[in-house]
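As structure tokens, the structure follows; a few thoughts come after it.
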Amino acid sequence: MVVIGVTGSFGMGKSTVAKMFKEAGAVVLDADVLAREAMEPKRLAWRRIVATFGEQIVNDDQTIYRRALARVVFADSQARQRLEQILHPQVLRRIKQELHRLRRKRLVRAVVLDVPLLVEAGAQGLVDVLVVVVTPTKIQRERLANKYGWTEDEVTQRIEAQLDVSAKVALADAVVDNGNGVDATRTQVKRI
């Protein structure tokens, strides 16, 4: 079983590329989904997040008010590091469990880890192939503003919070340029 790590930066199209791998037969493990599961009410990560950041980030139904939490952590790098120290171990543990389960099945030929902070979390050792998705900065900013309704400052905060994509490209086994349309991206994914 081959494990392919797909990473990049916000708004570059990692999930689009992961979906293309899925269409080609790979199983996809999405770190964002696993992080949301870890933050479900009363779970260990939820309790630690609430203890660290306070009740003001909790909705009436006890779910984390993600936008309020984002405002805190993207305005303060130390707060972001505290959140990552809570979430990263939980997400990586779940990924390792799923990889172990899939290896035991012996029916899966390829698994894609859709992990935005794969390199930042030091988790490249989990993958056999590191794929970095890139797109021009102008397109990236437009995607983020349109998809999430973020202001230019919010877009900048989120981009600057991640390792510069050029550092990830330097570590990549393959780079997918997602700035020239879906067909061009799909061709690159098929080649990989």
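The values are calculated or read from the model by the stated rules, or taken from the named source; none is laboratory data. Just so it is clear, the structure is predicted and the values come from calculations on it, not from any experiment. Don't worry about glycine lacking a Cβ; one is built from the backbone with ideal geometry, like all the others, and counts go over all protein chains shown. To get the accessible areas, we keep the full protein, side chains included, count just its heavy atoms, and leave off ligands, DNA and RNA. Shrake-Rupley method; radii C 1.70, N 1.55, O 1.52, S 1.80 Å.
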Original post:
Looking at L113, is it touching a residue at least 60 places away in the same chain (Cβ under 8 Å), in contact with an Asp or Glu (Cβ under 7 Å, 6 or more places away or on another chain), open to solvent by less than 30 Å² (accessible area, probe 1.4 Å) and assigned to a strand (DSSP E or B)?
Top reply: no
Subject >> Search result, residues across region 162-185 that are surrounded by fewer than 17 Cβ atoms within 10 Å (Cβ to Cβ), assigned to a helix (DSSP H, G or I) and in contact (Cβ under 8 Å) with a residue 40 or more places away in the chain >> reply: A167, L171, V182
Subject >> Pick from region 122-149, criterion open to solvent by less than 20 Å² (accessible area, probe 1.4 Å) and assigned to a helix (DSSP H, G or I), ranking: modelled with the highest pLDDT >> reply: Q140
**OP:** From V182, V165, V175, grab the single residue that is within 16 Å of the chain's Cα centre (by Cα) and over 14 Å from A70 (Cα atoms).
**Re:** V165
**OP:** Test V119 against the criterion of being assigned to a helix (DSSP H, G or I), in contact with a Leu (Cβ under 8 Å, 6 or more places away or on another chain) and either surrounded by 14 or more Cβ atoms within 10 Å (Cβ to Cβ) or among the basic types (K, R) (or both), and give yes or no.
**Re:** no
Subject >> Among (1) over 21 Å from V175 (Cα atoms); (2) among the β-branched types (V, I, T); (3) in a helix (DSSP H, G or I); (4) touching a helix residue (DSSP H, G or I) at 6+ places or on another chain (Cβ under 8 Å), the one test that I159 misses >> reply: (1)
